[in-house]
Amino acid sequence: MAIDIVQKPSVGLSKIALSQTHGENSPYFAGWKAYDENPYHEKHNPSGVIQMGLAENQVSFDLLEEFLENNQEATSWGKNVSGFKENALFQDYHGLLAFRKAMASFMEQVRGGKAKFNPERVVLTAGATAANELLTFILANPGDALLVPTPYYPGFDRDLRWRTGVEIVPIHCESSNNFQITLEALESAYDHARSKNMKVRGVLITNPSNPLGATIQRKVLEQILDFVTRKNIHLISDEIYSGSVFHSDEFVSIAEILESRNYKDSERCHIVYSLSKDLGLPGFRVGTVYSYNDQVVTTARRMSSFTLISSQTQFLLASMLSNKEFTEKYIKINRERLRKRYETIVDGLKKAGIECLKGNAGLFCWMNLSPYLKEATRESELEIWKTIMEEVKLNISPGSSCRCSEAGWFRVCFANMSEETLEVALRRLHEFMDRRRNGQVLSME
Amino acid sequence: MAIEIVQVQPSVGLSKMAVSQTHGEDSPYFAGWKAYDENPYHETNNPSGVIQMGLAENQVSFDMLEEYLETNLESTNWGQKVSGFRENALFQDYHGLLSFRKAMASFMEQVRGGKAKFNPDRVVLTAGATAANELLTFILADPGDALLVPTPYYPGFDRDLRWRTGVQIVPIHCDSSNGFQITPEALEAAYDHATKMNIKVRGVLITNPSNPLGATVQRKVLEEILEFVTRKNIHLVSDEIYSGSAFCADEFVSIAEVLESRKYKDSERCHIVYSLSKDLGLPGFRVGTVYSYNDQVVTTARRMSSFTLISSQTQFLLASMLSDTDFTQKYIKINRERLKKRYEMIVNGLKKAGIECLKGNAGLFCWMNLSPYLEEPTIKSELAIWNTIMHEVRLNISPGSSCHCSEPGWFRVCFANMSEETLEVALSRIHAFIKERKQVL
């Protein structure tokens, strides 16, 4: 029964509650609305909006379903739900030991055994969203800054800033060198923050990158590590797409570099991981802060009380991830399928006359429509974005929502739909580009 | 493999929040846990170990939950052939599973005997009441502002309401002269005290039924509190996580009932916190909710819940369980009866030992009065006897001072987190202890 209550704006709310930092009034979310109102369906709505703005991994569910069907005790706490009571009572913020071990082991496997992870350093949080915010609370005071390379995941504006009061100062990257982070860009961002009297507390990188869909080179990682050491600040490496690298030897984790340096200066380093992308389980809320700093581990663990993972879910995933046969197979096949999808979309776009950044990871490609902009401005970018949403009926993410300094780039997701739907989307784009070339698309003149 | 990393002293700094002590873990409340962890009681393996009576867990009704699960396996594995798995695993909408929100609203109505209605669209889900209380504090108050909280209160509030929010707690002092009930004078005194210190009061947070008192807040008192917050134009947060643990259903009055009887006039300042950790005994599953009568708070809380969502796997299971009204009616009824029986057992046992308790009617604990046995009416004496009880009697109970009680000598003693046999052992130990102490005094 709906309870309609007359709302007089009488009693006040906090500044945090009233601020716009939740970010939901940005274009990034407007596209979602268009999709929600007219969602594509193969049979029921073949002319609806295809959702290509959602970085979900739907290509490997069959492997998960197979595991579940063959391992019923993982979902029903053993024979006759014998393990239920103990599991339901377990709320220790250290997390289920079996699950922490399984997570550490899975993180090692994703990195091909090139780095070791200690279960005692695994702190569990309800998703990477919570992990990133938690680390920000721990490493920075309100008004301080984290340096983040652009383009970056639009959610960071909320996750890193909203309740923490911490600022993001962008490290500008550009297409001239494939958006790689340079030492000059790092120094420039640092100086810019200082000129605004902001204290810089750390650098936060996403590796593999969202939205670029590309891994960070070893050389660049080493430069970043030297930079943060020199400035005596922190380094957070969000590696939630590490299992989505198409070729496992192309991903270098900060963990490998630290290990190769015998962990010298590692107490400034922290890794964020999650099962939302690699395993396709965003609903289960499984994130982790992995820190090489003992004080951060202790504090993060205490703070995780506000965002614990359901013990029911820890139990299930402890079982799944400690099954090495399953995880080896899953990681391998998942990579192959993502690579195939990536090739499909990039080739399809090429045939339509659209180039993409050379990518090697993730659930999306970084598409370049700058040659087709009226002017090299954000307004032109949003114009073409609107056209694509309303005419072509594809929801893609404009680079401006990722704070990209160059107009015309778009993130296009490819793993949250069937192969058939992807073909439909590519065909629509192809036809759109054809029409445009033949001068039939007036809205872009 | 352990990675030992030499931590160079102290190189890269952490935030003020990280180095503060507001996490509260250096208090006596947690020291007792350590004593228990080092020497835990076990019926057969360690019969002289420490009995844990400081943990407010509900273990008296698991058999009913287990029975439900065994007969409803599809709720744990997404139906036949895990057909619902994919959709559930992908579901991360901060609105929460509609079927689960409906089930929660319905369960909250049943717990209140149908005396109040709940709208599923006002149910915001969080990973536990711990998260719900912090979330509301972020939304209702700015750093430096205050919430007024009646003493004695749950020790965890010091961390939950203050640590990351920067909000302060100003106590509303309650004492034994009237059964620790909240009075209008105490409310005004707390408000004035905050104002004198130049602190802006944003709201009152009550726990009903109360932790640690184990007693419901009277309807008359609820109305006085509501009238007070309306007059001061501030918020009222009612933490009702023990509502299903009231021994007699008609003795619990929810703020929801009071608001409904006033046709929701001035209700946009009211917010209820609920959880399944106590009533259903599922603290590990992290199921909490903010139920607000204020649209803007609902919208903002929902957005903020992104940082603390409930696992969709758990929402799916509990949507099934809680929408089975046959099961829930039976559970609520039998759970109350068993808690009542435990309460009577402990209170009678303590009485025989010469110890009085506050007259309670809810919760998983009793509020025990050892003030006649203190050397002096001071916190020091209280902690001395607490230490003795921990090390000699080997019971971990919670001292009133950790709950900010203004009168020394009161202790919270949990009774629902152990078997009846263990409870008997604990009672006989107390009996022996008091007997000995009386001879000495």
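The values are calculated or read from the model by the stated rules, or taken from the named source; none is laboratory data. Nothing here was measured: the structure is a model prediction, and the numbers come from that model. As a convention, Cβ positions derive from the backbone with ideal geometry for all residues, glycine included, and neighbour counts pool all protein chains shown. Just so you know, the surface numbers come from the protein's heavy atoms only, side chains and all, with ligands and any DNA or RNA stripped out. Shrake-Rupley method; radii C 1.70, N 1.55, O 1.52, S 1.80 Å.
State all residues of segment B:43-58 that are within 19 Å of B:Gly32 (Cβ to Cβ) and surrounded by 17 or more Cβ atoms within 10 Å (Cβ to Cβ); if no residue qualifies, say none.
B:Val50, B:Ile51, B:Gln52, B:Met53, B:Gly54, B:Leu55, B:Ala56, B:Glu57
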Does at least one position in segment A:424-433 carry a residue that is open to solvent by less than 80 Å² (accessible area, probe 1.4 Å), farther than 24 Å from A:Asn38 by Cβ and either modelled with pLDDT of 95 or more or more than 22 Å from the chain's Cα centre (by Cα) (or both)?
-> no
Residue check, B:Glu134 part of a helix (DSSP H, G or I), touching a helix residue (DSSP H, G or I) at 6+ places or on another chain (Cβ under 9 Å), acidic (Asp, Glu) and open to solvent by less than 10 Å² (accessible area, probe 1.4 Å) = yes
Hey, which of the helices (runs of 4 or more DSSP H) in segment B:169-264, taking only ones fully inside, have at least 3 residues that are open to solvent by 50 Å² or more (accessible area, probe 1.4 Å) and free of Cβ contacts under 8 Å to residues at least 60 places away in the same chain?
-> B:184-196, B:219-231
Hey, could you check segment B:117-127 for residues that are within 10 Å of chain A (Cβ to nearest Cβ) and not in a helix (DSSP H, G or I) and say which is surrounded by the fewest Cβ atoms within 10 Å (Cβ to Cβ)?
-> B:Lys117
Residue satisfying condition, being in contact with a Phe, Trp or Tyr (Cβ under 6 Å, 6 or more places away or on another chain), outside the structural domain of B:Trp33 (by the TED database) and on the phi > 0 side of the Ramachandran plot, within set B:Gly214, B:Gly179, B:Gly144 = B:Gly214
Taking segment A:300-322 as the region of interest, how many residues are away from chain B (no Cβ under 14 Å) and over 22 Å from the mean Cα position of the chain (by Cα)?
-> 1
Please work out which one of (1) among the basic types (Lys, Arg); (2) touching an Asp or Glu at 6+ places or on another chain (Cβ under 6 Å); (3) farther than 21 Å from A:Ile138 by Cβ is the condition A:Arg230 fails and give its number.
-> (2)
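This table checks each residue for (1) within 30 Å of B:Lys263 (Cβ to Cβ); (2) without any contact (Cβ under 8 Å) to a residue 40 or more places away in the chain.
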position	(1), (2)
A:Leu13	yes, yes
A:Ile16	no, no
A:His41	no, yes
A:Ala55	no, no
A:Lys85	no, yes
A:Phe99	no, no
A:Phe106	no, no
A:Arg111	no, no
Here the residues within segment A:272-291 that are within 10 Å of another protein chain (Cβ to nearest Cβ) and either surrounded by fewer than 24 Cβ atoms within 10 Å (Cβ to Cβ) or charged (D, E, K, R) (or both) are A:Arg285
Across segment B:348-393, the tally of residues that are surrounded by fewer than 16 Cβ atoms within 10 Å (Cβ to Cβ) and touching a Pro at 6+ places or on another chain (Cβ under 6 Å) stands at 2
Which one of these is within 30 Å of A:Glu250 (Cα to Cα), within 14 Å of another protein chain (Cβ to nearest Cβ) and modelled with pLDDT of 95 or more: A:Val297, A:Val346?
-> A:Val297
B:Glu268 being assigned to a helix (DSSP H, G or I), of a type outside the set (Lys, Arg) and within 12 Å of chain A (Cβ to nearest Cβ) = yes
In segment B:75-99, what residues are more than 10 Å from chain A (Cβ to nearest Cβ) and within 19 Å of A:Ala415 (Cα to Cα)?
-> none
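Just to be sure, is B:Thr325 of a type in the set (Val, Ile, Thr), out of contact with any strand residue (DSSP E or B) (no Cβ under 6 Å at 6 or more places or on another chain) and within 14 Å of chain A (Cβ to nearest Cβ)?
Answer is no for this residue.
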Some residue of segment A:292-311 being part of a helix (DSSP H, G or I), over 16 Å from A:Leu134 (Cα atoms) and open to solvent by less than 10 Å² (accessible area, probe 1.4 Å) | yes
Which of the residues spanning segment B:51-107 are among the polar types (S, T, N, Q) and part of a loop (DSSP other than H, G, I, E, B)?
-> B:Asn58, B:Gln59, B:Ser61, B:Asn72, B:Thr76, B:Asn77, B:Ser83, B:Gln92
From the option list B:Met1, B:Met17, single residue qualifying as modelled with pLDDT under 85, outside the structural domain of B:Pro212 (by the TED database) and open to solvent by 30 Å² or more (accessible area, probe 1.4 Å) is B:Met1
When only residues in segment A:235-265 that are over 20 Å from A:Asp159 (Cα atoms) and within 11 Å of chain B (Cβ to nearest Cβ) count, which is modelled with the lowest pLDDT?
-> A:Asp265
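Okay, residues lined up against (1) more than 22 Å from A:Thr164 (Cβ to Cβ); (2) within 14 Å of chain A (Cβ to nearest Cβ); (3) of a type in the set (A, V, I, L, M):
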| residue | (1), (2), (3) |
| --- | --- |
| B:Phe180 | yes, no, no |
| B:Thr183 | yes, no, no |
| B:Ala189 | yes, no, yes |
| B:Gly203 | yes, yes, no |
Filter result for the condition that a residue is more than 10 Å from chain B (Cβ to nearest Cβ) and touching a residue at least 40 places away in the same chain (Cβ under 8 Å), over A:Leu139, A:Leu134, A:Leu160 = A:Leu160
Checklist (1) more than 14 Å from chain A (Cβ to nearest Cβ); (2) open to solvent by 50 Å² or more (accessible area, probe 1.4 Å); (3) over 21 Å from the mean Cα position of the chain (by Cα); (4) over 30 Å from B:Leu148 (Cβ atoms) applied to B:Glu337, failing item | (3)
Among residues of segment B:61-97 being among the aliphatic types (A, V, I, L, M) and open to solvent by 20 Å² or more (accessible area, probe 1.4 Å), the residue nearest to B:Ser402 (Cα to Cα) is B:Leu97
Does B:Gly360 satisfy being touching a residue at least 40 places away in the same chain (Cβ under 8 Å) and assigned to a loop (DSSP other than H, G, I, E, B)?
-> yes
All-but-one check, B:Ala105 against (1) open to solvent by 10 Å² or more (accessible area, probe 1.4 Å); (2) more than 21 Å from B:Val204 (Cβ to Cβ); (3) small (Gly, Ala, Ser), failing number (1)
Is it the case that some residue within segment B:269-287 is of a type in the set (S, T, N, Q) and without any contact (Cβ under 8 Å) to a residue 40 or more places away in the chain?
-> no
